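Data block below; observations after.
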Amino acid sequence: MRKQRYVEEEVTVASDPVCPLCLRPIPPDAPQSRHHLIPKLKGGKGGETVLLHHICHKTIHKTLKEGELARRYNTVEALRSHPDLARFFEWVARRPPHFLGRAR
């Protein structure tokens, strides 16, 4: 009788990226977009971008003007600290990752 050897294989599962604003996962088929931390019109073309849920991205641009984004809200931390955006991100965090309602 022959002994069988079982070898545990390490399986790497690629996890979905996480929206840095609402902290929900962003599955590949979820509505998503890239946000330029410094708007392209204000010198951010080719600059740093972050992957966001599309609804989070739309809400940023409905809430803040390009100049404000360039001057005061050009980091993820600054965006999360804006009072209106913070309330929205807290609210949308309770929605499924594919949620695409109207931006507030």
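Overview of results
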{"read-out": "From phi via Karplus (6.51, -1.76, 1.60), per-residue ³J(HN,Hα) for the range 34-46 in Hz, x at Gly/Pro", "value": "9, 10, 6, 4, 10, x, 4, 5, 10, x, x, 4, x"}
{"read-out": "Under the Karplus curve 6.51 cos²θ - 1.76 cosθ + 1.60, θ = phi - 60°, whole-Hz ³J(HN,Hα) for the range 76-82, x wherever Gly or Pro sits", "value": "4, 4, 5, 4, 5, 8, 5"}
{"read-out": "Backbone HN-Hα couplings from phi across the range 61-74 [Karplus 6.51/-1.76/1.60, Hz, Gly and Pro as x]", "value": "6, 7, 8, 10, 7, 4, x, 5, 4, 5, 7, 10, 10, 9"}
{"read-out": "Amide H partners (placed H, <5 Å) of Arg24, local residues excluded", "value": "Cys19"}
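Quick note: the coordinates plus some simple rules give every number you see, no bench work behind them. Quick caveat, the model's predicted, so the values are computed rather than measured.
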